[in-house]
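Here's the structure, in structure tokens; my notes come after.
The values are calculated or read from the model by the stated rules, or taken from the named source; none is laboratory data. Owing to the predicted nature of the structure, the values given are computational and were not obtained by experimental measurement. We place every Cβ from the backbone using ideal geometry, glycine too, and count neighbours over all the protein chains shown. Just the protein is used for accessible areas: all its heavy atoms, side chains included, with ligands, DNA and RNA removed. Shrake-Rupley method; radii C 1.70, N 1.55, O 1.52, S 1.80 Å.
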Amino acid sequence: MPKAKRAQVVTLSKTKSKGKDGKAKIIETVREAVDNYNYVWVFSVHNMRNQYLKQVRKDFATSRFFFGRNKVMAKALGNTPEDELKEGLHQVSESLVGDVGLLCTNDTIEEVQKAMDAFSADDYARAGTIATYRVVVPAGEVLRGFTKEAFPSNMEPQLRELGMPTLLRQGKITIDSDY
């Protein structure tokens, strides 16, 4: 009797799983980096866009960044004192929780802290981000962002939906009072 095709699960994803070979390769590259570099840092990113991460990677051109599954990276470092690659690395693997990555570098502690503290970039907020300071849109033509460019006139309905009392005058979005 032919096999029924009704109950077959069809994957719609076009991405291929890396499988055990891919995980083994990540473990091997993390272990090589730990051997080749003097320091291993665990760092976290919050709401960071890729273009800024590229800039940080460019600033640390001689270093190596790892983003991946935390358990795979922890396995590479060693989960217990018996498994660890170097002394104390099991403590590093315990801190691999959440949105974190590994930075393997030969730069001194002071250099890394100075570079990380100095890095700051202005960007538009993402949905759900709480404002860090009060923003007032002055009366007159509504301008956007740090560039102070005028909003296109087709965005007026969206601004109105957000609660801004906008008016369209001569193709420019304006407001009568501060908002």
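A few remarks follow.
- The helices (runs of 4 or more DSSP H) found wholly in the range 87-179 and carrying at least 2 residues that are of a type in the set (A, V, I, L, M) occupy 89-94, 109-118.
- One residue alone among Ala121, Ala115 is within 29 Å of Phe146 (Cβ to Cβ), of a type outside the set (Asp, Glu) and loosely packed, with under 11 Cβ neighbours inside 10 Å, and that residue is Ala121.
- Residue that is least open to solvent (accessible area, probe 1.4 Å), among those in the range 144-179 that are among the acidic types (Asp, Glu) and either within 33 Å of the chain's Cα centre (by Cα) or closer than 21 Å to Ala127 by Cα (or both): Glu156
- Some residue of the range 2-24 being open to solvent by less than 60 Å² (accessible area, probe 1.4 Å), at pLDDT 90 or above and either touching a strand residue (DSSP E or B) at 6+ places or on another chain (Cβ under 6 Å) or assigned to a helix (DSSP H, G or I) (or both): yes
- Among (1) open to solvent by 60 Å² or more (accessible area, probe 1.4 Å); (2) charged (D, E, K, R); (3) under 26 Å from Tyr37 (Cβ atoms); (4) more than 21 Å from the chain's Cα centre (by Cα), the one test that Arg134 misses: (3)
- Positions within the range 64-89 being farther than 25 Å from Lys18 by Cα and open to solvent by less than 80 Å² (accessible area, probe 1.4 Å), in sequence order: Thr80, Pro81, Gly88, Leu89
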